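Please read the structure below before turning to the comments.
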Amino acid sequence: METLGNILLIIVSICTFVSYFPQILKCLITKQGEDLSIWSWILWVLSSLAYTLYAVLCTNTVMLIIETSLELAFCLTILICAIVFRDKRKIKTITICGSLKFEEDMIKIAGELETKENTCVLQCIYGLKNLTDDEKKKLAELHYKKIDISDAIYVVNIGGYIGESTKLEIEYAQKHKKEIIYHERDKRR
């Protein structure tokens, strides 16, 4: 009878691993926890904790202790993912990138992003004329710093146009694992 019990506990352990592991993997890869119910996972953690304590305190069955501990660890991991990766209506910081020939459009787009999309927009300095080479270089350096502190860049690619400077900014953002958002999504280059 003990052998049958151990076989059944091994089957339960395998099923536990197979059922929880993909959810844990998904959370760790996507870093998103919005679709997980925190309250449900809190109840599952408490249930698993109680079951583990029962196994430790009331039985001498090593396999049951292992299985309940494994389930508790998985439930706790998913709960932590659900909490850590929750969006919490985070305000996204975005740097506007695009040709200054779209200056007026970029100002309008930045306003719309901030008022309608829950974002904080870091913009170029507009309207400056007759800049020295040193001033242009300094502004370019600062623009890359804006990308560094942003969650994403927003590429203004009206008519599909992306200039050389903007291409370099996109490459920089990709290298630093920033999200790239295109104004005209189906006209990327």
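Residues whose amide H comes within less than 5 Å of that of Lys92, counting only those at least five positions distant or on another chain, are Cys120 (H built at 1.01 Å from N in the peptide plane). Which of the pairs Lys31/Lys136; Lys31/Lys101; Lys136/Lys175; Lys26/Lys137 have their Cα atoms more than 31 Å apart in this structure? In this structure, Lys31/Lys136; Lys31/Lys101; Lys26/Lys137 lie more than 31 Å apart at Cα.
DSSP loop chymotrypsin sites (Phe, Trp or Tyr not before Pro) in region 76-149 with at most 14 other Cβ atoms within 10 Å of their Cβ, which ones?
Numbers: sites: Phe85, Phe102, Tyr126, Tyr144; in loops: Phe85, Tyr126.
Within region 76-149, the qualifying chymotrypsin sites (Phe, Trp or Tyr not before Pro) (loop, at most 14 other Cβ atoms within 10 Å) are Tyr126.
Summarising the label geometry, the points placed 7 Å from Cα in the beta-carbon direction at Thr61 and Asp151 lie 4.6 nm from one another. Computed over the alpha carbons of region 42-156, Rg followed by Dmax gives 26.1, 82 Å. Quick one: angle between helix 38-58 and the longest Cα principal axis of the chain, in degrees between 0 and 90, rounded to 10, please. Approximately 30 degrees, to the nearest 10.
By count of other Cβ within 10 Å, fewest leading, how are Tyr154, Tyr51 ordered?
Details: Tyr154 26, Tyr51 16.
Neighbour counts put them in this order, fewest first: Tyr51, Tyr154.
Counted over the chain, the DSSP beta bridges are approximately 0% antiparallel. Against the chain, whose longest principal axis comes from its Cα atoms, helix 2-30 is set at around 10 degrees.
A Förster distance of 30 Å, applied to the separation of the beta-carbon atoms of Asp105 and Lys177, puts the FRET efficiency at 0.65. What is the angle, in °, between the Cα long axis of helix 164-175 and the longest principal axis of the Cα atoms in the chain? Nearest 10 is fine, range 0 to 90. Approximately 20 degrees, to the nearest ten.
Every number here is computed from the coordinates shown, using simple stated rules; none is lab data. Values in this document were obtained by computation on a predicted structure and should not be read as measured data. Positions of Cβ are generated from backbone atoms using ideal geometry, with glycine treated the same way; all protein chains shown enter the neighbour counts.
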